[in-house]
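What follows is a short report on a single structure.
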Amino acid sequence: MNIAVVILNWNGRKLLEQFLPSVIKYSEDAHIYVADNASTDDSISFLENNFPQVSIIRNKVNAGYAGGYNLALKSVSEEIHILLNSDIEVTEGWLTPIIEVFKAEPMTAAIQPKILDYKKKDHFEYAGAAGGYIDKFCYPFCRGRIFQELEEDHGQYNDDQYIFWASGACLAVRKKAFDEIGGLDEDFFAHQEEIDLCWRLQNTGYNIKYVSASRVFHVGGATLADMNPKKTFFNFRNSLFLILKNVEPSKVFFILFFRMVLDGLAGIKFIFEGKFNHFFAILEAHASFYRHYGKIRKKRPKAFIFKNYHKINSIVFAHYFMGKNKFTEL
């Protein structure tokens with residue numbers, strides 16, 4: 001089984017210097033690519049001078065996560081594509097459990113490893129943790145991470161599980177399935193496009209899986225700071241895109257309305273906290289959603305298949321009103 005590890009880079013020379021050596025050392029059976037998203041730093045010359053064994057794909061524009069990978073993966077022919085953030089340290093043997101599952105389960109289209117925090121290595125990391133789920137109102141959460149609450153890893157999720165979404169920080173996907181559904185949705189640009197991808201894969205009959213024996217360590221927040229208003233914009237807008245595009249007809253407008261009300265409450269909270277840039281980011285997110293409404297609505301599938309919704313109705317209620325901070329408490 002041919003494997004490609006593809007690292008998307010934008011002005012990340014320092015991250016490549018820090019983390020690429022572990023990828024090269026522990027990915028002996030893979031072809032390693034760096035897909036450069038029109039960087040303006042010295043990333044490409046640094047790669048050419050220091051890592052000649054790495055193939056460089058040069059995108060002409062910064063097309064974000066979704067567009068950048070869609071462009072790059074056209075040049076990648078391997079059966080398995082592993083979309084790897086530039087701020088991830090991989091570990092010895094990390095590829096083997098992933099490949100074993102792909103070989104054994106032809107209908108598993110995407111896999112994520114256990115994702116731990118590079119800065120606090122005994123804890124799960126925000127972007128994926130031990131596998132992603134959504135509640136009935138399409139709020140994403142993870143085994144090992146409920147909103148900002150991150151669990152310590154003491155083996156409680158050392159099992160392989162089918163999940164709803166796999167993290168875009170380290171996403172292994174079959175090329176055949178990726179191409180079959182048209183790749184990542186470039187209208188998302190960045191944030192939550194991996195949830196949309198996994199939802200569409202499942203709507204085509206494929207499975208998504210978490211494989212615990214594969215471990216990586218993720219820095220997180222290296223491209224956009226946690227409290228960057230641009231990240232607020234993408235998270236709020238793209239969650240509305242996700243709902244409009246994928247929720248079944250009988251529920252879509254109710255859930256959209258419910259989420260917009262909660263977005264308004266979040267905006268009021270930002271005002272009271274003095275975070276006015278984030279309040280305006282939510283307004284901008286809703287305006288952008290309305291501008292793109294017709295385009296996104298046309299992408300809805302003809303048939304809807306539903307898998308792996310978590311049994312919980314509202315993660316917001318469970319966490320903020322019932323004090324549930326761990327996945328095992330839900």
Gln161 being within 14 Å of the chain's Cα centre (by Cα) and free of Cβ contacts under 8 Å to residues at least 60 places away in the same chain: no
Members of segment 69-115 that are among the basic types (Lys, Arg) and within 19 Å of the chain's Cα centre (by Cα): Lys114
Some residue of segment 91-99 being of a type in the set (Val, Ile, Thr) and free of Cβ contacts under 8 Å to residues at least 60 places away in the same chain: no
Condition broken by Asp41, with the remaining ones in (1) free of Cβ contacts under 8 Å to residues at least 24 places away in the same chain; (2) farther than 18 Å from Leu95 by Cα satisfied: (1)
Hits in segment 169-191 - residues which are in a loop (DSSP other than H, G, I, E, B) and either surrounded by fewer than 22 Cβ atoms within 10 Å (Cβ to Cβ) or in contact with a Lys or Arg (Cβ under 8 Å, 6 or more places away or on another chain) (or both): Ile181, Gly182, Gly183, Asp185, Phe189, Ala190, His191
Residue that is farthest from Asn207 (Cα to Cα), among those in segment 116-149 that are more than 17 Å from the chain's Cα centre (by Cα) and part of a strand (DSSP E or B): Lys120
Residue within segment 41-56 that is farther than 20 Å from Gly182 by Cα and surrounded by 20 or more Cβ atoms within 10 Å (Cβ to Cβ) present: yes
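Every residue, every condition in (1) under 14 Å from Phe164 (Cβ atoms); (2) surrounded by 22 or more Cβ atoms within 10 Å (Cβ to Cβ); (3) out of contact with any His (no Cβ under 8 Å at 6 or more places or on another chain), yes or no:
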| site | (1), (2), (3) |
| --- | --- |
| Asn85 | no, yes, no |
| Pro106 | no, no, yes |
| Leu116 | no, yes, no |
| Lys119 | no, no, yes |
| Ala130 | yes, yes, yes |
| Asp135 | yes, no, no |
Unmet criterion (only one of (1) out of contact with any helix residue (DSSP H, G or I) (no Cβ under 6 Å at 6 or more places or on another chain); (2) polar (S, T, N, Q); (3) under 19 Å from Tyr26 (Cβ atoms)) for Ser77: (3)
Selection status of Lys307, surrounded by 12 or more Cβ atoms within 10 Å (Cβ to Cβ), at pLDDT 90 or above and farther than 18 Å from Phe236 by Cα: no
Answer residue from segment 23-72, given it is of a type in the set (A, V, I, L, M, F, W, C) and part of a loop (DSSP other than H, G, I, E, B) and is nearest to Lys231 (Cα to Cα) among those: Ala63
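Results for (1) closer than 17 Å to Ile195 by Cα; (2) of a type outside the set (Phe, Trp, Tyr); (3) surrounded by 12 or more Cβ atoms within 10 Å (Cβ to Cβ), shown as yes or no for each residue.
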{"position": "Leu242", "(1), (2), (3)": "yes, yes, yes"}
{"position": "Asn246", "(1), (2), (3)": "yes, yes, yes"}
{"position": "Val252", "(1), (2), (3)": "yes, yes, yes"}
{"position": "Phe258", "(1), (2), (3)": "no, no, yes"}
{"position": "Val261", "(1), (2), (3)": "no, yes, no"}
{"position": "Phe270", "(1), (2), (3)": "no, no, yes"}
{"position": "Glu273", "(1), (2), (3)": "no, yes, no"}
{"position": "His278", "(1), (2), (3)": "no, yes, yes"}
{"position": "Arg291", "(1), (2), (3)": "no, yes, no"}
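The values are calculated or read from the model by the stated rules, or taken from the named source; none is laboratory data. Keep in mind the model is a prediction, meaning the values are calculated, not measured. Methodologically, a virtual Cβ is constructed for each residue, glycine included, from the backbone with ideal geometry; neighbour enumeration extends over all protein chains shown.
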